[in-house]
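Shown next, in structure tokens, is the structure this report addresses.
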Amino acid sequence: ASFFLLCFRSPLATALIFGLLLQAPLTQLSTITQPNFVLLLADDLGIGDVGCYGNDTIRTPNIDRLAKEGVKLTQHIAAAPLCTPSRAAFLTGRYPLRSGMDAINDYRVIFWNAGSGGLPPNETTFAKILQQQGYSTGLIGKWHQGVNCESRNDHCHHPLKHGFDYFYGMPFTLISDCQPTEAPEMDRAFRRKLWLCTQMIGLVTLTALLGRVTGLISVPWKTLACLAGFSLLFFVSWFSSYGFVRYWNCIMMRNHGITEQPMVTDRTTSLILRESISFIERNKHKPFLLFLSFLHSHTPLLTTEKFLGRSRHGLYGDNVEEMDWMVGQVLDAIDKEGLKDTTLVYFASDHGGWLERREGERQLGGWNGIYKGKSSMGGWEGGIRVPGIFRWPGVLPAGTVIDEPTSLMDIYPTVVHLAGGAVPQDRVVDGRDLLPLLRGRVAHSEHEFLFHYCGVHLHAVRWHQKDTGAVWKAHYVTPNFSPPGAGACYDRGFCLCFGEGVTHHEPPLLFELSQDPSEAKPLSADTEPLFDTVIRKIGRAIEEHRRTLTPVPEQLSVPNVVWKPWLQPCCGTFPLCWCDKEGGN
């Protein structure tokens, strides 16, 4: 007792003791073995669409609550500006070109459920490692990493082949073709050309037939038969795929079985939420990984009647607010089961918002705040800088903001480490364990360089100069906006990665993002004394990075992305594919 009295008489000791008492205690990681993981990934959500990132008109109270109770990242970067490659990088912790999941052509995502490309079976996802560590692993929502390789039911790219015990959702991605009332979205320009060619061939055939009948043109009947046959074959060759997009691509699956073909969009949101909460409830007594891959906020912006007309930003704003409500429902389920303190929750978007997506006067794509560019652009910040929020009460300090370069690829080593697993040593893993940074144990991200690809084409490189805090970014290739200065490619609907659609820069455009996050004022040797030094440093990093790349099969090559009837998932006997098992039919 006399010892404690002496301590309290010391002003220094008193201050230290009160400081310790006032400080919110953080749980030692050693006391938590194998936390649960709930990974929430939005689709096409812009960083400017979320309240805690500066939006004051779209209401996102539940996502904002995550940031308030956890850690918000302000330089969270997607490894690719489109769905398929970005999600491949997220799942594997590797740049997508390492697994062949980025394209040398314009087909930069998986286009059909009946394509043969997809996440290769030899890739090891974080789900597979957690499964080996005894976790129950579930994916609810969007997959978009392929289905089959050689036959209709081999499911070589299916989630259950990549470490997930349970899957409910879309093996493809949501598109406007899934909604009968919406204009077609998939390959819209190409379909117009095919239809025009069909009409021209039909017109030639009809003209020849009329000429033969009236005697104005001497055309053999054999030639007419060949023309008619060619017209029919040409029409069938493309209409058999594009004419039935809703049936071929807009399907829902539970594990290996199809539950809806085509999907019934009016109930999709409620089913995905129900499945997510049910997965948490079923697995509350053992460690689990839930990857909730939202269909929000991708077109056609499926939104229930309860949320229609509620926002100040039309249908897109309604859709984002509904997604935020779904986030709240999942968080409530975690709280209800008493899992809040043992669950790491993560929220992000797969890439930036799609500025060009509009129908008439309706804006159907997201907003990327102060950042230039949008989805499909590999270099500009608007296509790759996304929300990134972590919450783990008692372990991660609440209300923390970290302005350090991080990547969606970092989720891989972070969750693997926390689950007690080991990152594969037989391949390059580009992600870095975020836990020391998130807990405040280190001041800087482990990333010194991040490489920004558009397809397989390197467009830009980011260098984090840790000793000064500068974040340099060099653009070697930039897309040509249309119209010029518009900040997007409104004529095509998306920007190109190569050819006439881009401009090459020598020397590269250089920006210092900590001073110019909007990339508005490129630096030069005349305005920046370190210009030549920075460019040389980044150039050496590119050379070293390229030495780590090895040739792999291109999963998004044209032969792999085209529709193949023998690979089409079918609920029934192909081509009579239809079922509604959720509706009891």
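The values are calculated or read from the model by the stated rules, or taken from the named source; none is laboratory data. Treat the numbers as computed from the prediction; the structure is a model and nothing was measured. Counting neighbours? That spans all protein chains shown, and the Cβs are built from the backbone with ideal geometry, glycine included. These area figures cover heavy atoms from the full protein model, side chains too; ligands, DNA and RNA do not enter into them. Shrake-Rupley method; radii C 1.70, N 1.55, O 1.52, S 1.80 Å.
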Item to complete: Could you tell me whether residue 97 is among the hydrophobic types (A, V, I, L, M, F, W, C), outside any strand (DSSP E or B) and within 22 Å of residue 423 (Cα to Cα)?
Response: yes
Discussion item. Kindly evaluate residue 489 against the criterion of being touching a helix residue (DSSP H, G or I) at 6+ places or on another chain (Cβ under 8 Å), surrounded by 22 or more Cβ atoms within 10 Å (Cβ to Cβ), touching a residue at least 40 places away in the same chain (Cβ under 8 Å) and over 23 Å from residue 545 (Cα atoms).
Written reply: no
Item to complete: Look at residue 209 and say whether it is outside the structural domain of residue 571 (by the TED database) and buried (at least 16 other Cβ atoms within 10 Å of the Cβ).
Response: yes
Worksheet item: Since residue 542 meets every condition but one in (1) assigned to a strand (DSSP E or B); (2) surrounded by 13 or more Cβ atoms within 10 Å (Cβ to Cβ), which condition does it not meet?
Response: (1)
Discussion item. Condition (residue is open to solvent by less than 40 Å² (accessible area, probe 1.4 Å), part of a helix (DSSP H, G or I) and not aromatic (Phe, Trp, Tyr)) applied to the range 451-469: is it met by at least one residue?
Written reply: no
Item to complete: For the range 405-417, indicate whether the set of residues that are assigned by the TED database to the domain that holds residue 298 and over 24 Å from residue 131 (Cβ atoms) is non-empty.
Response: yes
Worksheet item: In the list 121, 184, which residue meets the criterion of being open to solvent by 30 Å² or more (accessible area, probe 1.4 Å), of a type outside the set (Lys, Arg), at pLDDT below 95 and not in a strand (DSSP E or B)?
Response: 184
Response to the item:
Those residues of the range 146-160 that are in contact with a helix residue (DSSP H, G or I) (Cβ under 9 Å, 6 or more places away or on another chain) and closer than 18 Å to residue 258 by Cα come to a total of 9
Discussion item. Please verify whether residue 491 is farther than 18 Å from residue 460 by Cα and either in contact with a Leu (Cβ under 8 Å, 6 or more places away or on another chain) or not in a strand (DSSP E or B) (or both), treating the condition exactly as stated.
Written reply: yes
Worksheet item: Of everything in the range 401-425 that's outside any helix (DSSP H, G or I) and more than 26 Å from residue 452 (Cβ to Cβ), which residue is most open to solvent (accessible area, probe 1.4 Å)?
Response: 425
Practice prompt. Go through (1) loosely packed, with under 14 Cβ neighbours inside 10 Å; (2) in a loop (DSSP other than H, G, I, E, B); (3) among the acidic types (Asp, Glu) one by one and return the number of the condition residue 433 breaks.
Written response: (1)
Discussion item. Every residue in the range 67-99 that is of a type in the set (Val, Ile, Thr) and in contact with a helix residue (DSSP H, G or I) (Cβ under 7 Å, 6 or more places away or on another chain), please.
Written reply: 71, 77, 92
Worksheet item: Is it the case that the range 308-322 has a residue that's surrounded by fewer than 22 Cβ atoms within 10 Å (Cβ to Cβ), of a type in the set (Ser, Thr, Tyr), modelled with pLDDT under 95 and within 20 Å of residue 63 (Cβ to Cβ)?
Response: yes
